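Asks: First, the structure itself, so that you have it in front of you.
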Amino acid sequence: MATTLPRYLKYLSLIVVLIAILSNYEIPSNSSSNDRKTLMFTKIATVQHDRTHVYRVLTNIEKYSLWYPNVARVEHIQLVPSRVHNHEGEKYQLITIMPLIGDVSSDLIIHTDDRPKQFIYSVDSWLLETNSIELKESSSNVNSTRIEWSVYTRRRSILFQYLLLPFANFYKNQIVREALFSLIMQIRDL
């Protein structure tokens with residue numbers, strides 16, 4: 001006696017297969033560049049302190065929990081040799097608090113530490129994000145620094161780019177907005 005699947009299971013299995021295909025199929029990137037990142041957004045803020053002081057507060061990763069939202073703590077994983085004067089290549093364990101999920105850990109890796117101009121790091125979270133923070137001296141005020149914080153994602157699947165990216169943009173935009181505000185307060189208080 002042959003049994004047939006209910007109609008809703010056929011449609012459900014078709015949807016699951018479609019989602020699996022879309023999550024694995026990646027959008028081809030520009031062939032002239034081997035950079036496979038998508039710009040999510042850029043936030044700009046100005047703080048009334050010199051660039052060196054702002055850079056020192058911004059690059060103190062172990063103090064991120066004081067000003068970056070949802071970060072519970074940061075732990076050092078790998079130090080660079082003492083003869084290296086910048087932090088490029090250092091790895092940290094970033095423990096964040098996610099609503100309904102709890103503590104989530106991800107790796108934070110410093111890529112560029114161009115003191116006191118640019119700081120680039122990546123976080124291997126669900127977003128596969130790369131943060132590029134540029135500090136520029138303000139032309140109107142000598143003791144003022146302009147912070148340009150750009151967030152990129154390395155996710156290139158069709159499912160992410162067209163269905164999840166708008167929600168991820170909104171979520172990450174709010175996090176960075178709150179982080180910039182808290183960072184400015186932290187810089188002002190030091």
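Asks: Tell me, yes or no, whether segment 68-89 has at least one residue that is surrounded by 14 or more Cβ atoms within 10 Å (Cβ to Cβ), among the charged types (D, E, K, R) and under 24 Å from Asn169 (Cβ atoms).
Replies: Among the residues of segment 68-89, not one is surrounded by 14 or more Cβ atoms within 10 Å (Cβ to Cβ), among the charged types (D, E, K, R) and under 24 Å from Asn169 (Cβ atoms), which makes the answer no.
Asks: Next question, about the same structure. If only one of Trp126, Trp67, Trp149 is in contact with a Ser or Thr (Cβ under 9 Å, 6 or more places away or on another chain) and farther than 25 Å from Leu165 by Cβ, which one is it?
Replies: Of the residues listed, the single one that is in contact with a Ser or Thr (Cβ under 9 Å, 6 or more places away or on another chain) and farther than 25 Å from Leu165 by Cβ is Trp67.
Asks: Just checking, how many residues over segment 122-153 are over 17 Å from the mean Cα position of the chain (by Cα) and under 16 Å from Asn173 (Cα atoms)?
Replies: 0
Asks: While we're on this one: Out of Leu183, Leu159, I need the residue that is in contact with a Phe, Trp or Tyr (Cβ under 9 Å, 6 or more places away or on another chain), at pLDDT below 90, not small (Gly, Ala, Ser) and not in a strand (DSSP E or B). Which one?
Replies: Within the list Leu183, Leu159, the selection yields Leu159.
Yes or no, residue by residue, for (1) free of Cβ contacts under 8 Å to residues at least 24 places away in the same chain; (2) charged (D, E, K, R); (3) open to solvent by 60 Å² or more (accessible area, probe 1.4 Å); (4) under 20 Å from Tyr64 (Cβ atoms):
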| site | (1), (2), (3), (4) |
| --- | --- |
| Asn143 | no, no, yes, no |
| Trp149 | no, no, no, yes |
| Ser157 | no, no, no, no |
| Gln161 | no, no, no, no |
| Asn173 | no, no, no, yes |
| Arg177 | no, yes, yes, yes |
| Ser182 | no, no, no, yes |
| Ile187 | no, no, no, yes |
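Quick grid of which residues meet (1) assigned to a strand (DSSP E or B); (2) open to solvent by 40 Å² or more (accessible area, probe 1.4 Å):
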site	(1), (2)
Asp103	yes, yes
Ile109	yes, no
Leu127	no, no
Glu134	yes, yes
Ser140	no, yes
Phe167	no, yes
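The values are calculated or read from the model by the stated rules, or taken from the named source; none is laboratory data. Quick caveat, the model's predicted, so the values are computed rather than measured. Neighbour counts are summed over all protein chains in view; Cβ atoms, including those assigned to glycine, are modelled from backbone coordinates with ideal geometry. Ligands, DNA and RNA are stripped out before the accessible areas are found, and what is left, the full protein with its side chains, is counted by its heavy atoms. Shrake-Rupley method; radii C 1.70, N 1.55, O 1.52, S 1.80 Å.
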